[in-house]
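Read through the structure below, which is laid out as structure tokens, and then see the notes.
Taken together, the values in this text are just the output of simple stated rules run on the coordinates, not laboratory data. This structure is a prediction, so every number in the text was calculated from the model and none was measured. Please note: Cβ atoms are built from the backbone with ideal geometry, for glycine as well, and neighbour counts cover all protein chains shown.
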Amino acid sequence: MEVTVLGTSAAWPAPGRAAAGFLVRHEGTAVALDLGTGALANLQLEVPHERLDAVLITHEHLDHCLDLYPLTVARVFHPEPLTPLPLYALPGVFEAVAALEDEEGREEMRGLFDVREPGDTFEVGPFRITTRGLPHLVPNLGFRIEAGGAALAYTGDTGPSGEIEVLAKGVDLLVSEASWEDEGGILVEGHLTARQAAEHASGAGAGTLLLTHFWPTVDRDRAREHAAAAFDGQVVVADERMTVRVGS
Ligand SMILES: [Zn+2]
Ligand SMILES: [Zn+2]
């Protein structure tokens, strides 16, 4: 299993970057994990958009799901009709993006996606996926994805919570939001600092911590230093188009 970073910015895309998004691949199955502002552009450098097998969205904030809209437009103009794309998201996510369209456009959009509410566990191709609600300003689902004997967990947006460690217990890779460097720089509650992300990685016994979802003004090198001080494993700062192999 491998994960490619599509976007690393919180809230709005920093210069040359995109908001939250990842592409998880194993044995020819490709799943997008969040599709924030600009993530679709980077996704298509890796895989044609029509080859996606499913999209998983953590929550309704647009830095995690806005690119469902350009994906809709791309699917409308695809030369051959496409079967509806499975979209796993909490109620409100699809509607937040569909609200950009009038009623006719919303109806067309509904035909392009197969919107499914994620249960506690479900499967997409070789992926076994587990979900867990994590505390944020709106309902947010953390995802644990397992395939080929490897496991990763992704927090979406979350404040500090023991639930992160339940979700990420023993994973090879914890992809964690790290909106702020440290406690002194918190602008919005419901997020983690890099150090808090590292403390959760440590509590979960994760192998590697991939820091992402940086507020655009955050110094990423300093964020890494804060995290490294609280976690014995490897700390990696996510970067657009970086691919990380998960497990051996
Ligand atoms: Zn966010
Ligand atoms: Zn959010």
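Once both labels are positioned 7 Å from their Cα atoms along Cα-to-Cβ, the gap between residue 77 and residue 45 label points is 2.1 nm.
For every other residue with a beta carbon closer than 15 angstrom to the beta carbon of residue 90, add +1 if it is Lys or Arg and -1 if Asp or Glu, then tell me the sum. Net of charged neighbours comes to -4.
Which of 36, 92, 142 moves the most in a Gaussian network model of the chain with Cα springs under 10 Å? The residue that fluctuates most here is 92. List the relative contact order of the chain as a percent without decimals, with contacts defined as Cα pairs under 8 Å and 6+ residues apart. RCO, the chain: 18 percent.
Remark: C-alpha extents of the range 28-161 on the principal axes read 41, 34, 25 Å, sorted largest to smallest.
Based on Cα coordinates alone, diagonalise the gyration tensor for the chain, multiply each eigenvalue by 5, take square roots, and list the semi-axes in whole Å, largest first. Provide the component values of the computation, followed by the final result.
Details: eigenvalues 158, 73, 52 Å².
Calculated on Cα positions only, the semi-axes equal 28, 19, 16 Å.
Please state, as a whole number in µm²/s, the translational diffusion coefficient that the Stokes-Einstein equation yields for the range 128-217 at 25 °C and 0.890 mPa s, with Rh defined as the Kirkwood radius across alpha carbon pairs. Taking Rh from Cα pairs, D becomes 193 µm²/s. Each Cα pair under 8 Å and six or more residues apart adds its separation to the average, and for the range 1-144 the resulting relative contact order is 18 percent.
Across 235, 47, 115, mean-square fluctuation computed from a Gaussian network of the chain (C-alpha pairs under 10 Å connected) peaks at 47. Each of 49, 26 was scored by other Cβ atoms within 10 Å of its Cβ. Arranged with the fewest first, they read 49, 26. Within the range 1-62, the percentage of alpha carbon pairs spaced more than 13 angstrom apart rounds to 57%.
Given R0 = 45 Å, the distance between the Cβ atoms of residue 183 and residue 101 translates into a calculated FRET efficiency of 0.65. Annotation for the range 1-89: GluC sites (Glu not before Pro) lying in DSSP loop with at most 12 further Cβ atoms inside 10 Å of their Cβ are 27. Each part gets one Cα centre, and for the range 211-248 versus the range 104-135 those centres are 27 Å apart.
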